[in-house]
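Novice: Here you go, one structure.
The values are calculated or read from the model by the stated rules, or taken from the named source; none is laboratory data. Every value quoted in this text rests on a predicted model; they were computed, and no experiment measured them. Note that each Cβ is placed from the backbone with ideal geometry, even for glycine, and that neighbours are counted across all protein chains shown.
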Amino acid sequence: MNRYVFYFYLFYTIMSLLYANDRKIKISVSIPPLYFFVDKIAGDRAEISIIVPDNKNAETYEPDFKSIQTITESDMFIGIGMPFEKIWLPKILKSNNIANTTKTVMLQDMLKQPASNTESHLWLSINNAKKITHIIANTLANYDTKYADFYLNNAKKLISSLQILQVKLKPIMESMPHKDFIVYHPIFDSLDIEFGLKEHALEKHGKKYGIKDILELAELGKKLQIKRIFTQGYNKDIMALAKSIDAQVITIDPLSKDYIKNLETILLQISKSYESFNNP
């Protein structure tokens, strides 16, 4: 063999091995907020896919062929306890015989939440967000050891940003005249502990509600003079409830990819539950 050809093949082989060891990790996450955490920690070391599309309800979502293919081609799947993760993920991994090659990280199990909180939106707690950051960073550091320091340093920066947000919001939430607020769907269980807030929801994780429940919330709203009620989407019952107590309906998006900015916006709106919507 011509020595130049030999050296070319040797160079090509070495570069191929280096590239293989340095390729991006393919990570699929169940919902957009988890994209935020992985992106902040992994940066350009990861190729991230979100399984639940923006226009779909994460709590009723059933994976289509494209989603299944994305999961099966991933090196890692990170979930937070959405129903489809519990029902579909084991079937997807088993049917494709990849349970031993796709690493699964189920955050709700690792956060060790009380049984009463298994249905809550765990990422909407800043304390949980810090824990999620640690879990993802340590998982990536152990999986991709060459870049362990990179992941851990990025996690420290993210933790610092979360702590700044927590310090900023604490006095604002404490200044609320009452700690009660009204939502359509219960998503803020963790805030009861974090900021001493008390969430009152009309719909309770899929359970049917009746006129009695609406009237009870209306009575609470009038008694406390609540001026803002929160919902993830249009609902005629919550609109009627708001009208009966002269309150404004505020639409919030707990699944935004812009996690810190979105959570701050939501909590600032909750802090204004007792302010007339005519006020700035």
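Novice: What's the number of the only condition in (1) part of a helix (DSSP H, G or I); (2) over 18 Å from the mean Cα position of the chain (by Cα); (3) at pLDDT below 95 that N100 fails to meet?
Specialist: Unmet condition: (1).
A quick yes/no check of all residues on (1) polar (S, T, N, Q); (2) under 19 Å from M173 (Cα atoms):
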site	(1), (2)
G221	no, yes
I226	no, yes
G233	no, no
M239	no, no
S244	yes, no
D258	no, no
I266	no, yes
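Novice: Take segment 122-180 and flag every residue that is in contact with a Lys or Arg (Cβ under 8 Å, 6 or more places away or on another chain) and part of a loop (DSSP other than H, G, I, E, B).
Specialist: Within segment 122-180, D144, K179 meet the criteria.
Novice: Now for a separate question. When you go through (1) farther than 30 Å from A201 by Cα; (2) modelled with pLDDT of 90 or more one by one for I78, which number turns out not to apply?
Specialist: Failed condition: (1).
Novice: Given (1) loosely packed, with under 14 Cβ neighbours inside 10 Å; (2) modelled with pLDDT of 85 or more, where does T118 come up short, assuming only one miss?
Specialist: Checking T118 against (1) loosely packed, with under 14 Cβ neighbours inside 10 Å; (2) modelled with pLDDT of 85 or more, the one that fails is (2).
Novice: Of all residues being in a strand (DSSP E or B) and of a type outside the set (A, V, I, L, M) in segment 56-89, which is surrounded by the fewest Cβ atoms within 10 Å (Cβ to Cβ)? Just the residue, please.
Specialist: Checked segment 56-89; the qualifying residue surrounded by the fewest Cβ atoms within 10 Å (Cβ to Cβ) is G79.
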